[in-house]
Every structure is written in C-alpha cells, then in structure tokens.
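Data first, discussion second: the structure below is written as structure tokens.
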Amino acid sequence: MSLLNVKNVTAKVAEQNILKGLNLEVKAGEVHAIMGPNGSGKSTLANILAGKPGYEVTSGSVEFDGHDISDWEPHERAHAGIFLAFQYPVEIPGVSNMEFLKASLDAKAFANKQEQTNAAAFIKQARSLAESLDLNPDFLKRGVNEGFSGGEKKRNEILQLLLLQPRLAVLDETDSGLDIDALQVVAEGVNRFRNDNNGVVLITHYQRLLDYIVPDYVHVLADGKIVQSGDKSLALELEKKGYAWLT
Amino acid sequence: MSHSVDDLVKSNAEYQAGFISNIESDTIPPGLDESVVRFISAKKGEPQWLTEWRLEAYTKWREMTAPEWAHVHFPPVDFESISYYSAPKDMSDGPKSLAEVDPELLRTYEKLGIPLHEQEALAGVIQSRPNVAVDAVFDSVSIATTFKDKLAEAGVVFCPISEAVHSHPELVQKYLGSVVPKGDNFYAALNSAVFSDGSFVYIPKGVRCPMELSTYFRINERNTGQFERTLIIADEGSHVSYLEGCTAPMRDENQLHAAVVELVALGDAQIKYSTVQNWYPGDENGKGGIYNFVTKRGLCAGARSKISWTQVETGSAITWKYPSVVLRGDHSVGEFYSVALTNNRQQADTGTKMIHMGKDTRSTIISKGISTGRSENSYRGLVRISPTASGARNFTQCDSLLIGDTCGAHTFPYIENSNTQAIVEHEATTSKVSEDQLFACQQRGIDPEKAVSMIVNGFCKEVFKELPMEFAVEAGKLLEVSLEGAVG
Amino acid sequence: MAHLELALASKPEPPRWLSDDSDQFQDAVNQALNSKVHRERWKYTKSQPILDMLEAPAVAPNWHTLPDGVVLRQITQDLQDAPLQNQIADAPEASSALCYHDKLTLIEASGNPTQPLIIEHRGHSAPIVLKLAANSHLELHEMYADNVDQHQTLWIELGAGSSLTHARNSFIKAKHWQFLHVNLARDASYVLHNHSCGAQLRRQDIQILCNEPGSNATITSASQVGEGQHLDQQITLEHRAANSSSDQVFHNIVEDKAKVTFNGRIHIHQHCPQVAATLQNKNLAMGDNATINTKPELEIYTDDVTCAHGATVGQLDPQHVFYCASRGIPLAEARALLAQAFLNTATTGPLAQQALSEFGIPTSDKADV
C-alpha cells in the first residue's frame, strides 16, 4: 500500500490557484525528489501535505496510509507521522529546544497511546544527535532557532527529523542557503533516516543535493503539475538544460 | 482545518479558585466613618497611638480623590456600600490554635493547596511546599501562621500584624507608614484607616531566614473589602524571601482589595518579594471580579541593600499596582520582574517606580505583558534619578505580546533624570504569537492550545526564573489555566 | 496637575468656520486642553509662557521665490475646506492661534518642482496650511531669522501618493514654539529633518497622522540644548490605517543646567494590521545639573504590528573617549569630536550642512571620564 497518495489535487493560496491537478504516490522505502522552477508550486505541495492554514485543497484528495487527511489538523498529521522540514524555520524565543523537542515527542506518544520517553534517555539521545550533526550540545538549551545561523536552523530541522522518526519526511528546500559542508551533514542525516518503512519527499531547486541523497524518482513540477517523471538521470538533464524548456 | 490565532481567543478562563466557603462571619454593616475606624481599632485592642494614626489617615482620605490617571475604566467605587470588617465568627476574638479553627476554613485552604497543618506541610502531603511558612488571611483576619516556633529559634518574627502591634510595638510604631506614609495616595490612605490584618516580618541582624515565608490571602465574604497591611523589616545583613498568593470566590459584584505592603531593608540586607496574584478576574463579559488597588513599596535604607519584586499577575478585574523601590542607600539595588496577563475584559495598569537617591544605585526592570480577549494591559513605570544619585544605572526592558486584535497593549515609561552621571536605558517591543510559530509547533505534533501556552511561557521565561522554584511551577500552570480559557 | 487655561484676555472672535460662538469655542479648547492627553503634554513645561505668545501680532515671513506649481493665498473668513475643522481636540492650543489672526496663509502645491519652497520666519507667523496635491512631490525648507520670540503653527495635508521632504533648522536664540500637524493620505510619504539649537525655551509639537493605508512618516532630529536652555519635544504619531509605517530618531545633547523634555507617543488604532513603527530617543548629558525627562509611549490596539521603541540617557562612552585619547587627541577635543559624531548621525537632509555648521560643541575640558 502506498504511504502517500496525492490524487489530482488542485489547491489555492490567497485566492490564487497554485496546484492544478497534481498526482504523486510515495511508497514506503522510496525517496522522491520534486524539482521545478520558482513559483511552480513546490512549497505549496509541502504545505498542503502538512496542512498549513491558508493553503486550501479545492479538489482531489490527499491520502496518507490509506486515510484521507484533507480535514486533519496539522498536529494530527504530525501524530500520524508526517514531518515537514521547513524552508524557513521560525524562531520561538524563550522556549528551549530541549523543551520543544520533549513536548513534540510527548504529544506524539500521547496521541498514539505510547509510553513517554523518559527524560534521561531523551536528553542522552538529543545530545548524541546534536553531536552527530555538528551542533554544540549547548544549543539544546537555547531558544528554538533563536539567533541560529541559517545552517544551524536547517541542521536543527534534521535533528528533529531523526528524533521524531516520522513515517514520511517532506524536506522543503532544506539545501537552500547551505554551504557544502553543512549540505553534507544534512544529507548524511537524511540518509541515516531513510529505511524500508519510511518515505522521503525531497523538494529542491538544485540538482546538487541529489549528489548526496540519491532519489528513486525525480519529478519535475511546473505550473502546478508534474510534467515529467524519471529516475535520477532526469535531475542531471535538468541541470544541463535548466527549466526554461519546460514552459 | 487548522486554528488561526484569532480562533483561539474566545470564551472565558476557567477560574479554579472560585468556590465560596460556607463560613459564618461577623461582618459590620457597609459604610465608613470615624466610628468604623474606631470599631476596627477597638476590635484589635490597639494602643492609643495607632487609633489616632488611623483617624489621621481617615481624615486625609476624606480630602483626597481617587486617582484617574491610570489607563483603566470603571464606574466609581461606592465606598459606602463596602463593609470594612469581616471575620469568621469563631475567630472574632482573635486567632486561636489551629485545633480550634473551623474545619470548613481548613478545608478551604486545603482545596487551594495551602497547607496549614505543619505535619502535613512537612510531609508534603498537600503539595510540594515542604519548606514554606504560611500566614493565612481570610477576609479581614489572619487565621493561622505556621512554623512560628521554628522561625523563633532563628529569631525571626513572623506573625499577623495585629499580633505584632502587641508583641513588638516599638518596631511597628517605628516602621509602620515609614515607607508608604498614611496620606501617600487615595487607596493607601484608605488602607491606613481601615487595615484589618496582614503579615509582619522582622529578620534580625545577620540572619538568613531559614525558610520561605508566605502569606495567602483569601476574600470570601460578599460586599467586603480586603485591606491588609504587610510590613517586612530586614535588619542589617539579613536575607528573606517572601511569597504572596491571593484568590477570591466568583461573585457577580466587584470587590475591592486595597492593600499596602511596606518593605525596609537596612544595610546589606536583602528582601525578595514574590507575588502570584490570582484574584477572581470577572466573567467573560467583565461582570464581577476584584478591583486590585495596591500600594507596594520598598525602601533600601542602608548601603548595599537590595529589594527585588517579582510578580505574576493573572487575576483581578482591574489591577492598579506599582511595586516600587526607593534606593536611598549607596550602592543599593532594586529589581522588578513582572508578568501580567489579561484576558476577556480585564484591565491592568501595572509597573514600578525606581527612585534613585543614593550613589551608584542600580535598578533593573523586566516587564512582560500579555493581552488577549478584549483586555487592556498597560505598563506604567517611573525611573527617577535624583541629583544626588551619581553613578546610578537603570535598565528597563518592556515587552508586550498581543493575542488577537481586540485587545490593547500600552507602555507609559517615565524617565526623569536630574543627574548627568547616571545611565538610563529603556527598551520596549511588541509582538504577537505568529501563525507561523503556531504552525511550526503543530507540525511537530503540539496542539494549538499547548503551543500558545508554551510560546507565552517562553516569552515570560526571564521573569519566571526569578521566582522561587515551587512558585515558578505554579505560575507556569496558572498562566496555562488562564490561557486555556483564552484558547477555548 | 494645574488646570490649563488659555489666557484669552481680549477674547477675540473666532473665524466663523471654526465656531459660531466664541464662548463655545473657548470652552471646547479648554476642555481639550484639560484632557488626559494634553495635560500630559504639559507635564514638564509651564504652558503660560508659550501660550502667551499666541496673542502677539503676526509678522509676514519671507517667502523667497515660490517654486513652479506653488500658489500662495491669504485667506480670511469663509475657509470652507479648511483642514482645521474638528482639530480642536487634537490641537487645542494651535486651534486657538487661529483666533488671534484674522487670516491664514494657504499654500497649494502640485507637480514636481525642482526648487524647494523656502519659508523664512521673521517673528510670529500667521497660521499656515500647506496642501500638497495627489502624486506631487515637494521639498520644504523652514528657517528662522532675527533672534526674536516666534511661534508658528503649520498644518500639512499630503494627498494620495504625494511626498514631502521637510527640513527645518531652528537656531534662533529666543523663545520659540513650533506647532506642526501632518495628515497623510494613501501612500503619501513625509520626511522631516529637524535640527535645533540655541533657544532659551523651545517647544516643538509634532503630530503626524497616518490616516490611510500605505502612508509612511520619518523623522530624524538632532538638537543641541546649551547651558540653561530648555527644549520640549512632544511627538504624537498615530497610525489610523493598515500597512502604514513610521521611523523616528531623536538625538539630543544636553549641556550644563539645560533641560530636555521628550514625549514620543506612538498610537496604533484597532484593526490596523501590518503597521511598523519605531522610535529612538537618545540623550547625551554633557554637563552638570542637566535635567532630562523622557517618555517613549506606546498605545497599541491591534496585534499584527511590529513596534519597538527605546530611550537612553547617558554620557559619552569612556572607552570611545579613551580610544581617541590613545591616538593623541586631547581629552576635551575627543569629547567634542564624539559629541559632534552623536549629532551628525541624526543630522540629515537638504539643510544638514548648514545645521552642522551651526551646532557648536563646547570643547570644555571637564575631562572627568
């Protein structure tokens, strides 16, 4: 059974039609890269999956694990296992990373009637994850993304991904604004995450990221639809030709 | 689909301390004249000087008018409709031992989580406040003070002020009204005339008070005002941390609470005064609730003394309160940390005054205001640097958080500097709980209600960390409860 | 606080368009003056010496050469479209000024003239109303001559999409009251470069109303308040529409026995989302016995806003002074240099050069840093 099934979705944002009949199926164990020019609807797709307020599905359906999730609240989707790595992670002053991560983990455990992670084990895990992502463990005490550099914010998203272990990870231009070292750290994190039971949707503007995270499928999004699909060689072709020939 | 911030702001807070206790009371008829003042004084068996002191205050009060400068709106208070003295019936002859206290009263405090039985308190049965001595004030009288003996060993005096008048007359006479004179302002004058009870603390020279002291105020009786008076004296080199909590039943009419708190810190002494104020705020339409018109002031009388106010204000229909510090001693330090949350129709006009007189005096003001519903939340502050205060230094940070666009957040910071060797800095910002923050939390599985509360708690962190541990937890929870209502 | 009252000894007839009845008008003015907001505006400065100037006879300013597209008229009665109606509540003192002058000067400007409009005040000026037509752009210079007591009341109406750059250098050594009221329509932009120095008593009232969406106002102000002088700045910036913005910077140098009063009020009305407003007031105390009263106020009734304000009172940073000294600059000179720099950062616009040459930083050697 498919993990994610987006069926002929049209969607609008601020009265503007952005997605115009998009289809996408992701099975467990698969990594799908979504590429496309600016304004093609890549981020809209990510926000539709996570249920961001203001993004409205006008027709079609989004199914996760066989359930139509169109009416689900964002936190309910998170509980079910959808994770969005934000393009622009927000700052939440005064709320420490540690506090935030524990609250996320506990909320998810509670919703799924699982036992809460004990505090000591959690702290140990968070510290070791931080280290593996080249983040100073001190940063766990700081406010969520407060005063973080762009690279730190993105690595923080990956840390959350690894800690929360969702079923589907949607990475919205996680590579943007990263230098090559940070990019490798992030890619290594995603590779560590991927396994036969989960899926990854990788949204990116550049082929560069796909050198480090090798996708099973590459889709080209243009004007709200997937106009071409293929394997990783499609990404290389796009790199050479640019996006102009698509429209 | 998803909540927007606006959707979250509705309905009224769930006020958990709103029950009424069924206690028979002696309550005098409403109205105020000289005979009422004399009655209260006689009831307490006060010495002549105090009766006269009260009468002088009453005369001053008669000539004064209620202040109108605060950014709050309410119909004028009818001072003739208030009863100025109310005491649980079997207490009217003064406090007795705990064993004789009406069990209903004890149950009231149990319900509020305030342990009055020392054994239970020590065992932490009722809640985890094992090392706090409590003075419980019910309407007009103090009904019990715990741990008196243990404190006495250290030489600390902690008792109802009505008792201190008799047991420590010289201290009371010397310091009562020395920080807040009886004619200081309209409500302070009223309090000076009719104050019923409150706590008295004296920490002797060089003593570090062995436990946290606390007073718990409860208004129960209908149509009564509460006018307690607290006096804390920290002698040279002593330290004390004092906590204050307040609740009242849910009633449709407004009730007046006009307290006076005076703190005196002599040389090298330190007083830390923390308040969690949770008076009944009224319902979602602004009906009922406490008018909290309070004068709190500390005097750093000696060199290197320090007074620190921390307040978490979530209750009351109207709050009018400016815990202040007069920095007279050289190198003395004043601090004010405040969280004020208003919801529904609540109005708060609160802040502080830092009056720098001594050389190299320092003050810090951190104020966090949160407004939701249709409430009005104002910070009002005065930093005054007198010509004598060379080298004085003040830093003020005033942040407002707005939730919804029907509330108001205001900042009125007065800076009056008459010494060019002083440095004063004031900063203020406003922000909101952004839809993006809310979505980011939700995306990680945190529901919107919890998310708002987490964000607001984060906003208040700088103040919460100043509270004693047990209180910090309580304050966080209280904020959550107050917001829980707000986020429906 | 004392009850405020205008001394209207002669009780002049107000213009017909303001009111039918002079008593009624007077009552309205006094009522407004005693409102919370206006009493607050006179908290630290005696009103009488300022308000007394209202009665003095007007002296015509020197208008220099009017730029293209600028028309000037003297208006007596019957000013049907005067922007001053209903402004008693906002500006009671200034409204009273109209009683004492049987005419006001209406300036209508349109187009995009290359030359600035220059007004050189030579004494008390009759009230001036400047109306800038929609999508027009104008530069206004105000200067003050003759070192005599002066008061000016200036109303500015900015049409949709218009922009005004307003520079004024107030350097007369006398008693000086400047009242300024600006109304901004949709997408209008107003920039004020305000420089002042030298007056024994100077009161600057500035009221700016961003009435429609997209409007924005900027004030940059530098003042030097010399020995024994008194400067009182009362600023109100109201945002009455969404998407409007304002930025204000006020730097003041305060010397021996000088007094500065600053009140900067930002008021954002309900249902005005996406407003951004900032205000900075910095006071540099350079001498002994100076008094600085400052109050940056915020009054906010909507949540979707970005607001920040700040005020500081302090001295020159000893580290900066030391840095200069370590490079061989004498202490007194170093202090003057740094004070000058403090003023420079807030001295801007077309009259900046002239202002800088007028500011005279004392090189007193009170080198107690």
Tell me yes or no: at least one residue of the stretch B:386-406 is hydrophobic (A, V, I, L, M, F, W, C), facing another protein chain (nearest Cβ under 7 Å) and more than 30 Å from residue C:259 (Cα to Cα).
yes
From (1) surrounded by 19 or more Cβ atoms within 10 Å (Cβ to Cβ); (2) closer than 23 Å to residue A:64 by Cβ; (3) touching a Ser or Thr at 6+ places or on another chain (Cβ under 8 Å), pick out the condition that doesn't hold for residue A:154.
(2)
For the stretch C:152-183, how many residues are on the phi < 0 side of the Ramachandran plot and more than 16 Å from the chain's Cα centre (by Cα)?
7
Of all residues in the stretch C:170-197, which are farther than 25 Å from residue C:131 by Cβ, surrounded by fewer than 22 Cβ atoms within 10 Å (Cβ to Cβ) and free of Cβ contacts under 8 Å to residues at least 60 places away in the same chain?
C:173, C:174
Go through the residues of the stretch B:224-231 one by one and say whether even a single one is hydrophobic (A, V, I, L, M, F, W, C), outside any helix (DSSP H, G or I) and surrounded by fewer than 22 Cβ atoms within 10 Å (Cβ to Cβ).
no
Residue among A:167, A:127 that is in contact with a helix residue (DSSP H, G or I) (Cβ under 8 Å, 6 or more places away or on another chain), charged (D, E, K, R) and touching a residue at least 40 places away in the same chain (Cβ under 8 Å)
A:167
Scan of the stretch B:306-318 for residues that are touching a residue at least 60 places away in the same chain (Cβ under 8 Å) and either of a type in the set (A, V, I, L, M, F, W, C) or crowded, with 24+ Cβ neighbours inside 10 Å (or both), ordered by number
B:310, B:312, B:314, B:315, B:317, B:318
Of the residues that sit in the stretch A:91-137 and are farther than 30 Å from residue A:27 by Cα and touching an Asp or Glu at 6+ places or on another chain (Cβ under 6 Å), which one is nearest to the other protein chains (Cβ to nearest Cβ)?
A:93
Taking into account only those residues within the stretch A:42-71 that are charged (D, E, K, R) and surrounded by 19 or more Cβ atoms within 10 Å (Cβ to Cβ), which is farthest from residue A:199 (Cα to Cα)?
A:52
Taking the condition within 14 Å of chain B (Cβ to nearest Cβ) and either among the charged types (D, E, K, R) or under 17 Å from the mean Cα position of the chain (by Cα) (or both), does residue C:231 pass?
no
Here are some conditions: (1) part of a loop (DSSP other than H, G, I, E, B); (2) touching a Lys or Arg at 6+ places or on another chain (Cβ under 7 Å); (3) in contact (Cβ under 8 Å) with a residue 40 or more places away in the chain. Residue B:331 meets all but one. Which one does it not meet?
(3)
For the stretch A:72-93, check the following and say yes or no: at least one residue is buried (at least 19 other Cβ atoms within 10 Å of the Cβ), part of a strand (DSSP E or B) and over 19 Å from the mean Cα position of the chain (by Cα).
yes
Considering only residues that are in contact (Cβ under 8 Å) with a residue 60 or more places away in the chain, of a type outside the set (Val, Ile, Thr) and facing another protein chain (nearest Cβ under 10 Å), which ones fall in the stretch B:355-379?
B:368, B:376, B:378
I'd like to know if the stretch C:162-182 contains one or more residues that are over 21 Å from residue C:95 (Cβ atoms), touching a helix residue (DSSP H, G or I) at 6+ places or on another chain (Cβ under 8 Å) and not in a strand (DSSP E or B).
yes
Every residue from the stretch B:447-482 that is in contact with an Asp or Glu (Cβ under 9 Å, 6 or more places away or on another chain) and free of Cβ contacts under 8 Å to residues at least 24 places away in the same chain:
B:447, B:450, B:454, B:457, B:458, B:472
Would you check which residues across the stretch B:385-412 are in contact with a His (Cβ under 7 Å, 6 or more places away or on another chain), of a type in the set (A, V, I, L, M) and either assigned to a strand (DSSP E or B) or within 13 Å of residue B:433 (Cβ to Cβ) (or both) and list them?
B:385
Determine if the stretch A:44-54 includes at least one residue that is assigned to a strand (DSSP E or B), touching a residue at least 12 places away in the same chain (Cβ under 8 Å) and at the interface with another protein chain (Cβ under 7 Å from one of its Cβ atoms).
no
For residue C:25, which of the numbered conditions (1) over 22 Å from residue C:156 (Cβ atoms); (2) surrounded by fewer than 14 Cβ atoms within 10 Å (Cβ to Cβ); (3) modelled with pLDDT under 80; (4) not small (Gly, Ala, Ser) fails to hold?
(2)
Conditions (1) in contact with a Gly (Cβ under 6 Å, 6 or more places away or on another chain); (2) modelled with pLDDT of 95 or more: number failed by residue C:256:
(2)
State whether the residues of the stretch C:234-254 include one that is of a type outside the set (Lys, Arg), crowded, with 24+ Cβ neighbours inside 10 Å and within 11 Å of another protein chain (Cβ to nearest Cβ).
yes
Within the stretch C:132-167, which residues are of a type in the set (D, E, K, R) and either in contact with a Phe, Trp or Tyr (Cβ under 8 Å, 6 or more places away or on another chain) or free of Cβ contacts under 8 Å to residues at least 40 places away in the same chain (or both)?
C:142, C:146
Which pairs have Cβ atoms under 9 Å, sit 6 or more apart or on different chains, and link a residue in the stretch B:411-431 that is more than 7 Å from every other protein chain (Cβ to nearest Cβ) to one that is of a type in the set (Phe, Trp, Tyr)?
B:431/B:459
Is one or more of the residues making up the stretch C:192-207 touching a helix residue (DSSP H, G or I) at 6+ places or on another chain (Cβ under 8 Å), under 16 Å from residue C:346 (Cβ atoms) and polar (S, T, N, Q)?
no
Tell me, please, whether a residue that is surrounded by 15 or more Cβ atoms within 10 Å (Cβ to Cβ), assigned to a loop (DSSP other than H, G, I, E, B) and in contact (Cβ under 8 Å) with a residue 40 or more places away in the chain can be found in the stretch A:221-237.
yes
Residue in the stretch A:150-163 that is in a loop (DSSP other than H, G, I, E, B), touching a residue at least 60 places away in the same chain (Cβ under 8 Å) and not hydroxyl-bearing (Ser, Thr, Tyr) present:
no
How many residues are part of a helix (DSSP H, G or I) and either of a type outside the set (Phe, Trp, Tyr) or closer than 29 Å to residue A:45 by Cα (or both) when one looks only at the stretch A:94-123?
19
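The values are calculated or read from the model by the stated rules, or taken from the named source; none is laboratory data. Keep in mind it's a predicted model, so treat the numbers as computed, not measured. No Cβ is skipped: glycine too gets one built from the backbone with ideal geometry, and neighbour counts run over all protein chains shown.
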